[in-house]
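The values are calculated or read from the model by the stated rules, or taken from the named source; none is laboratory data. Here the structure is a predicted model, which is why all the values come from computation and not from measurement. All Cβ positions, even for glycine, are placed from backbone atoms using ideal geometry, and neighbour counts span all protein chains on display. All accessible areas refer to the heavy atoms of the entire protein, side chains included, with ligands and DNA or RNA removed. Shrake-Rupley method; radii C 1.70, N 1.55, O 1.52, S 1.80 Å.
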Amino acid sequence: MREQNMFLCLTDLLDQDLSAYEYFCTLDSNIQDILRRQEGDINSFEQLQHRVNLLRASNFVE
């Protein structure tokens with residue numbers, strides 16, 4: 001299990017956590033756009049994964 005590191009925002013997370021950056025780069029561009037708009041609410045890799053799962057589960061994005 002990964003230790004949950006907290007960052008200031010999504011940009012900070014992606015700049016400092018290679019796993020989070022690589023994961024983000026694999027996402028569809030529409031998901032990336034939505035996540036960028038919610039930037040301040042995503043402070044860890046786990047939150048990033050959770051937010052993506054919620055978006056996919058809501059069928060908001062494909």
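Before moving on, here are some points about what is shown:
- Relative to the longest principal axis of the Cα atoms of the chain, the long axis of helix 45-57 lies at roughly 10 degrees.
- Placing unit charges on the Cβ atoms only, positive for Lys and Arg and negative for Asp and Glu, gives the chain a dipole magnitude near 180 debye about its Cα centre.
- Atom-type composition of the exposed protein surface of the chain places 49 percent of the accessible area on carbon and sulfur (1.4 angstrom probe).
- Normalised by 2.2 N^0.38 Å, with N the number of residues, the alpha-carbon radius of gyration of the range 7-62 equals 1.01.
- Förster radius 35 Å - calculated FRET efficiency between Glu39 and Asn59 (Cβ-Cβ, nearest 0.05): 0.95
- Lys/Arg +1, Asp/Glu -1 at C-beta; the chain dipole; positive extreme among Asn59, Gln32, Ala20: Asn59
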